[in-house]
Amino acid sequence: MNRLGAKKAGEIQTLPVIEFHPQEISIKRFKKSVTDVGGLVIDSTEMLNWNEWLGKKFGTQIKVYSTSEVYPGNFILHTETLPKTTEQLNSIDVAIIHGKLGVVENGAVWVENVKHRAIPFIAEHLILILGKNDIVPTMHEAYEILTKSEMPEFGVFISGPSKTADIEQSLVYGAQGPKSLTIILHE
Amino acid sequence: MTGHPQKASIFLENESYVDWHDETLWWIREKRDKASGKVQDWEQLRETASKIKEHTLDNLGQYLLDFEKNATDNGIKIHWAEDAEDHNSIVYDLLKQKKTNCVVKSKSMLTEECGLNNYLEDQGIEVVDTDLGERIVQWLEQTPSHIVLPAIHLKKKDIGEIFTKKLGIPFLEDADKLTQIARNHLRDYFLSTPVAITGVNFAIAESGTFVICTNEGNADMGVHLADMHIASMGIEKIIPKTEHLGVFLRLLARSATGQSITSYSSHFRKPAKDKEIHLILVDNGRSDILHKEKFRNALKCIRCGACMNTCPVFRKTGGHSYQSTIPGPIGAILSPHYNPMKYGSLPFASTLCGSCSAICPVKIDIDDQLYHWRQELNRKKSTPISISVVAKFLSKSGWFDLGSKFFTTIHKLMPNVAERILKPYSHNRKLPEPPEKSFKAWYKENS
Amino acid sequence: MKIGLFIPCFINQFYPNVGIATLKLLRSFGFDVHYPIDQTCCGQSLANSGYQKNTKEIDEHFDQVFDPYDNIVAPAGSCIFYIKTYSGNRNKYRERLFELSEFLIKQNVLEQITSHYPRNVGIINSCHGLRGLQLGKSSELAGDDHSTLTTILSKVKDLKMIHLDRSDECCGFGGTFSIKEPELSVKMGRDRLKDFIKNGAEVITGTDVSCLMHLDGIIRKNNYRLETKHYSEILYQT
């Protein structure tokens with residue numbers, strides 16, 4: 001450990017200040033960023049019939065887990081015992097959870113406080129509910145908000161569906177995690 | 001001919017394959033340019049990242065202690081590993097504790113560096129690499145040829161064939177279908193394996209948090225369904241503050257693949273209820289490099305692979321030609337620390353064009369270090385006579401002029417001899433046409 | 001201002017016309033140019049191979065020869081880059097050393113260019129000049145494209161500059177690299193040439209004769225329909 005304490009001779013580098021050009025918040029550009037990464041954005045006002053929309057998009061015999069009362073699911077996750085929990089998780093077709101904030105430059109949505117950390121990854125399809133007022137321009141503003149309080153036990157920036165291009169650079173969605181990502185944007 | 005020149009020569013035999021490999025990686029370089037071009041303060045971002053990393057290296061010991069304290073307070077168990085052996089036995093001991101003989105692993109070049117897979121397999125433990133590219137390479141019993149795109153050297157046909165061989169399915173080349181098959185195959189492991197090993201992209205000293213970035217989500221699929229998460233990390237991956245993640249996450253994916261960010265950037269601060277997180281801080285020669293003034297900045301590396309995508313040598317000869325865990329320009333300046341004999345050809349596998357340094361998101365002076373390595377590798381060696389002779393001819397004007405006249409004559413009268421003197425240069429290139437006289441001779445006559 | 005003209009060893013040996021054009025060009029702009037006859041070489045070939053430790057006498061000789069001059073100008077990016085960055089003379093001569101194109105721009109003589117060159121010209125953006133001496137903005141960096149050579153060539157009448165697919169990929173010469181990894185070196189050169197041919201170049205020019213020599217060697221070996229010409233010979237035509 002003492003080996004690591006040794007400083008180099010000469011000038012010691014001080015920490016730079018993080019200061020970049022402020023950028024505007026643009027819902028239009030956020031939507032484009034999300035579609036660029038293979039996701040879909042729907043305004044809550046466009047969602048006329050939730051169950052009809054779910055059925056059309058994902059099929060009718062599906063297991064839907066939701067933390068939202070506005071967009072409810074059809075099953076409850078019991079997390080008392082594993083492996084039962086694992087089986088349940090693996091049966092989730094669509095998961096609907098809330099996002100805390102969204103980032104314009106990369107279409108990423110910050111998700112924390114999930115009942116089981118596997119939910120955003122193991123569901124076949126993921127839907128994130130996000131408020132328009134929770135959108136910030138870049139990662140700097142995102143961290144400004146996130147560092148106002150203690151970082152959560154677990155949190156994740158999610159940008160688009162799971163993907164890979166490992167087979168001769170052909171882009172494929174749904175590599176291990178969700179095959180699709182939809183963001184429902186509300187006022 | 002040994003080392004890189006020998007391996008490169010083999011790779012270069014199949015020109016259409018070389019062109020395919022080169023064009024694929026150049027395309028990724030172009031995607032990176034497009035992505036970085038959209039960021040208003042790109043150069044300032046690089047400079048800021050570079051300064052943060054340099055500051056961190058100046059205070060590495062203290063930041064590591066801070067990280068250890070904060071992470072431990074959060075319930076993460078910290079282990080220190082002096083070297084690769086140490087790291088591997090720590091992992092093995094943890095696996096023994098959980099009484100498991102199978103482990104899922106997401107991408108970690110550090111575990112490659114430590115030879116973890118082979119070590120565990122020798123102990124009878126099945127290691128399942130869950131990154132699709134790594135799984136394919138694992139099946140083929142190869143090593144990754146690129147630190148971010150492990151299977152970049154493989155064509156669809158090679159991949160289809162190994163899927164057939166390993167899973168017994170009819171031959172397929174369709175990427176969508178193969179990916180779906182891999183998804184199902186790996187899902188079985190995720191659901192039943194109690195220990196998951198990952199790497200670490202960034203660890204934050206002030207909060208004891210660490211971040212893992214993936215596109216597939218395979219790291220998360222492994223760890224959240226397992227009971228124990230083992231995270232292996234090189235000590236240089238520390239950054240001081242959470243807000244610094246804004247800088248690094250804006251740079252990382254854009255530099256690596258031209259994406260604005262990876263699909264998932266998972267931040268771990270505490271283990272989930274009834275689960276364990278073990279984080280292994282690995283030195284393995286890094287503290288030695290830290291003390292080498294000319295080479296310490298290589299430790300700023302965030303393992304984005306941009307230097308490999310831009311390097312014409314890498315693109316045209318492939319990662320395996322370097323025969324090192326980390327190939328490419330960054331590999332050429334890191335590997336010789338570990339084995340100057342084995343990797344002595346790597347600093348010379350370069351024209352010192354500087355493209356790597358210009359693209360590096362944390363401004364590592366790669367081309368400078370390549371130059372310094374060339375001097376370092378010869379420092380203790382005795383000078384060959386040919387070099388001493390050339391040095392003499394170049395330092396005395398009388399000798400210089402004599403040598404010049406001599407070569408002018410040979411070049412004009414016996415061009416074949418001139419060509420033989422300058423083989424292997426003249427093997428596939430014509431020498432310049434012999435001029436009537438040298439510039440000096442012309443000047444003497446005309447002034 | 002007394003200028004010492006530095007003619008790199010391989011230009012002296014293989015491309016004296018580049019030296020002649022450079023000398024006459026500078027004099028045509030009214031500069032007081034001297035060619036110190038005792039000059040030899042910068043020593044980069046040794047240093048590049050890892051033997052900078054054996055270049056002390058070469059450095060001393062360079063210092064002895066060029067000390068009397070206010071500025072030293074050379075038609076060679078990589079030699080100037082080496083002396084300024086690594087050689088034993090780097091501190092003493094850093095402010096005095098110039099590659100020709102940066103010198104011409106600094107001295108503001110571009111409006112005096114009268115040459116006429118009605119050809120399709122592509123630029124090989126020699127790496128040490130571009131990224132080392134920062135004679136231009138390399139493609140990796142953010143910002144608007146610019147280079148000393150494009151600025152200078154834009155003053156030449158009827159010269160048509162062609163754009164390449166890969167504007168600054170290395171030609172593959174790299175000094176000792178051309179001997180240590182000859183197949184790769186030639187492959188890199190051939191790939192650059194394909195880019196020039198694809199985009200309609202007739203002539204390839206650049207700041208470094210070493211790149212041009214390497215490309216020319218491949219052109220003639222393969223009978224490509226291309227010519228190489230150092231820009232000094234475009235600016236000063238006999």
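Which residues' amide hydrogens lie under 5 Å from the amide hydrogen of A:Ser66, considering only partners 5 or more residues apart or on another chain, with H built in the peptide plane?
So A:Ser66 has HN proximity to A:Gly73, A:Asn74, A:Phe75, A:Ile96.
With each pseudo-label sitting 7 Å past Cα toward Cβ, what's the C:Lys157-C:Lys92 distance in nm, one decimal?
It is 4.6 nm.
Could you list the chymotrypsin sites (Phe, Trp or Tyr not before Pro) in segment B:151-193 that lie in coil according to DSSP, counting only those with at most 11 other Cβ atoms within 10 Å of their Cβ?
Answer by residue number: B:Phe171.
Going down the table (A:Lys32/A:Lys163; A:Lys115/B:Lys77; B:Lys430/C:Lys53), which pairs top 25 Å between alpha carbons?
Going by Cα-Cα distance, B:Lys430/C:Lys53 fall outside the 25 Å limit.
For segment C:84-107 and segment C:17-38, what is the separation of their C-alpha centers, rounded to whole Å?
Between the Cα centre of segment C:84-107 and that of segment C:17-38, the gap is 17 Å.
I want to verify a result. In a Gaussian network model of chain B, Cα cutoff 10 Å, which of these has the top mean-square fluctuation: B:Ser388, B:Ser321, B:Ser207?
Sorting by GNM fluctuation, first place goes to B:Ser388.
Just how large is the dipole of the protein assembly as shown about the Cα centre, in debye to the nearest 20, putting +1 at every Lys and Arg Cβ and -1 at every Asp and Glu Cβ?
1960
Report relative contact order for chain B in percent, whole number only (criteria: Cα-Cα under 8 Å, sequence separation at least 6).
Once normalised by length, the contact order is 21 percent.
Between A:Asn74 and B:Glu445, how many nm apart are label points set 7 Å from Cα along the C-beta direction?
Each label point lies 7 Å from its Cα, and together they span 9.6 nm.
Consider all pairwise Cα distances in segment C:83-200 and report the whole-number % of them above 16 Å.
Value for segment C:83-200: 69 percent of Cα pairs lie more than 16 Å apart.
With everything on Cα atoms, drop me the angle between helix B:42-58 and the longest principal axis of chain B, reported from 0 to 90° to the nearest 10.
Taking Cα atoms only, the helix is inclined about 80 degrees.
Roughly how many debye, to the nearest 20, is the charge dipole of segment C:105-187 about its Cα centre, given +1 on each Lys and Arg Cβ, -1 on each Asp and Glu Cβ, and no other charges?
260
Per the Cauchy relation, a quarter of the hull surface: what is the mean projected area of the convex hull of the alpha carbons in segment A:127-177, in nm²?
Over every viewing direction, the Cα hull of segment A:127-177 projects on average to 5.4 nm².
Take every Cα-Cα distance within segment B:352-447, group them into 5 Å bins from 0 onward, and report for each bin the whole-number percent of pairs it holds.
For segment B:352-447, the pair-distance distribution reads 2, 10, 12, 13, 15, 14, 13, 11, 6, 3, 0.
With contacts defined as alpha carbon pairs under 8 Å and 6 or more residues apart, what's the relative contact order of chain C in percent?
20
Exposure proxy check: B:Arg420, B:Arg250, B:Arg187 ranked by fewest other beta carbons within 10 Å?
B:Arg420, B:Arg187, B:Arg250
Given a Förster distance of 22 angstrom, what is the FRET efficiency for C:Asp38 paired with B:Leu422, based on the Cβ-Cβ distance and rounded to 0.05?
0.30
Give me the net charge of B:Ser207's neighbourhood, meaning all other residues with Cβ under 9 Å from the Cβ of B:Ser207; Lys, Arg count +1, Asp, Glu -1.
Cβ neighbours under 9 Å give a net charge of 0.
Report the one residue of B:Asn218, B:Gly258, B:Met341 whose Cα lies farthest in the direction of the positive end of the charge dipole of chain B (charges on C-beta: Lys and Arg +1, Asp and Glu -1; origin at the Cα centre).
Farthest towards the positive end: B:Met341.
For a bin width of 10 Å, list the pair-distance distribution of chain C built from all Cα-Cα distances, rounded to whole %.
Answer for chain C: a P(r) of 7, 33, 38, 19, 3 percent.
Spin-label point model (7 Å from Cα, Cβ direction): what's the C:Ile197 to C:Lys221 distance in nm?
In this crude label model, C:Ile197 to C:Lys221 measures out at 1.4 nm.
Taking amide hydrogens as modeled 1.01 Å from N in the peptide plane, which residues meet the under 5 Å criterion relative to B:His79, leaving out close sequence neighbours?
B:Leu279, B:Ile280, B:Leu281
Using the 10 angstrom Cβ neighbour count as an exposure proxy, how do A:Glu87, B:Glu236, C:Glu202 rank, fewest first?
Listed from fewest to most nearby Cβ atoms, that is A:Glu87, C:Glu202, B:Glu236.
Could you list, in their original order, any pairs among C:Lys157/C:Lys180; B:Lys342/C:Lys56; A:Lys179/B:Lys99; B:Lys156/B:Lys292; B:Lys380/C:Lys194; B:Lys294/C:Lys198 whose Cα atoms are separated by more than 32 Å?
Exceeds cut-off: C:Lys157/C:Lys180; A:Lys179/B:Lys99; B:Lys156/B:Lys292; B:Lys380/C:Lys194; B:Lys294/C:Lys198.
Read phi for every residue in segment B:171-181 and hand back ³J(HN,Hα) as whole Hz from Karplus 6.51 cos²θ - 1.76 cosθ + 1.60, θ = phi - 60°, with x for Gly and Pro.
My calculation for segment B:171-181 gives 4, 9, 10, 6, 4, 4, 5, 5, 5, 5, 5 Hz in order.
Taking every alpha carbon pair in segment A:16-110, what does the distance histogram look like in 5 angstrom bins from 0, in percent?
Bin by bin from 0 Å, the calculated values are 3, 10, 16, 17, 17, 15, 9, 6, 4, 3, 0.
Which three lengths, in whole Å and largest first, does segment C:2-106 cover when its Cα atoms are put on their principal axes?
40, 29, 24 Å, listed from the longest principal axis down.
Using just the Cα positions, wrap the protein assembly as shown in a convex hull and report its mean projected area in square nanometres, one decimal place.
So the mean shadow area of the Cα hull is 38.1 nm².
Give me the base-10 log of I(q)/I(0) for segment B:294-343 at each q in 0.21, 0.29, 0.32 Å⁻¹, Debye formula, one uniform scatterer per Cα, rounded to two decimals.
One equal scatterer on each Cα of segment B:294-343 leads to -0.73, -1.19, -1.28.
Of B:Leu413, A:Phe157, B:Leu245, which is farthest along the charge dipole of the protein assembly as shown in the positive direction, counting Lys and Arg as +1 and Asp and Glu as -1 at C-beta?
Checking the options against the dipole of the protein assembly as shown, the answer is B:Leu413.
What are the semi-axes of the equivalent ellipsoid of segment B:39-284, taken as the square roots of 5 times the eigenvalues of the Cα gyration tensor, listed largest first and rounded to whole Å?
30, 23, 16
Please find the FRET efficiency linking A:Lys148 to B:Lys273, where r is the Cβ-Cβ separation and R0 is fixed at 22 Å, and quote it to the nearest 0.05.
Here the calculated transfer efficiency is 0.30.
Over the Cα atoms, compute the radius of gyration (one decimal) and Dmax (the largest Cα-Cα distance, rounded to a whole number) for chain A, in Å.
Considering chain A through its Cα atoms, Rg and Dmax are 19.7, 68 Å.
Note the per residue figure in Å³ for the convex hull of the C-alpha positions in chain B.
182
Once R0 is set to 22 Å, what does the formula 1/(1 + (r/R0)^6) return for the Cβ-Cβ distance between A:Lys32 and B:Glu47, expressed as a FRET efficiency to the nearest 0.05?
Working from the Cβ atoms, E equals 0.20.
For B:Lys294 and B:Lys430 in one chain, what is 0.36 nm times their gap in residues minus the Cα-Cα distance, to one decimal in nm?
My answer for the length gained is 45.1 nm.
Whole-Hz Karplus ³J(HN,Hα) for segment B:335-342, in order, using 6.51 cos²θ - 1.76 cosθ + 1.60 and θ = phi - 60°, x for Gly and Pro?
The phi angles translate into 4, x, 4, 7, 7, x, 5, 5 Hz.
C:Lys194: net charge of surrounding residues, Cβ under 12 Å, Lys/Arg +1, Asp/Glu -1, itself excluded?
-3
Return the loop-located trypsin sites (Lys or Arg not before Pro) in segment B:337-384 (DSSP other than H, G, I, E, B) with at most 10 other Cβ atoms within 10 Å of their own Cβ; answer none if there are none.
B:Lys380, B:Lys381
I need the Kirkwood Rh of segment C:180-238: take the reciprocal of the average 1/r across all distinct C-alpha pairs and report it in angstrom.
So the Kirkwood estimate lands at 11.9 Å.
Provide the gained length on full extension for the span B:Leu65 to B:Leu191, in nm with one decimal, where the gain is 0.36 nm per separating residue minus the Cα-Cα distance.
Taking B:Leu65 through B:Leu191 to full extension adds about 41.8 nm, to one decimal.
Which of B:Tyr343, C:Tyr15 has the fewest other C-beta atoms within 10 Å, and how do the rest follow up to the most?
B:Tyr343, C:Tyr15
Based on Cβ point charges of +1 for Lys and Arg and -1 for Asp and Glu, what charge dipole magnitude is obtained for segment B:1-41 about its Cα centre, in debye rounded to the nearest 20?
260
I need to check one value: relative contact order of chain A, counting alpha carbon pairs closer than 8 Å and at least 6 residues apart, in percent.
The value is 25 percent.
Please build a GNM for chain A, connecting alpha carbons under 10 Å apart, and tell me which residue among A:Leu126, A:Leu15, A:Leu48 fluctuates the most.
Greatest mean-square fluctuation among the candidates belongs to A:Leu15.
Taking +1 at the Cβ of each Lys and Arg and -1 at the Cβ of each Asp and Glu, which of A:Leu130, A:Asn49, A:Thr67 sits farthest along the dipole of segment A:25-186 towards its positive end, judged by Cα position relative to the Cα centre?
In segment A:25-186, that residue is A:Asn49.
Read-outs throughout are calculated quantities, based only on the coordinates presented, and are distinct from any laboratory measurement. Just so we're clear, the structure is a prediction, and the values are computed from it rather than from any experiment. Reconstructed Cβ throughout: ideal geometry from the backbone, glycine too, with neighbour counts over all protein chains shown.
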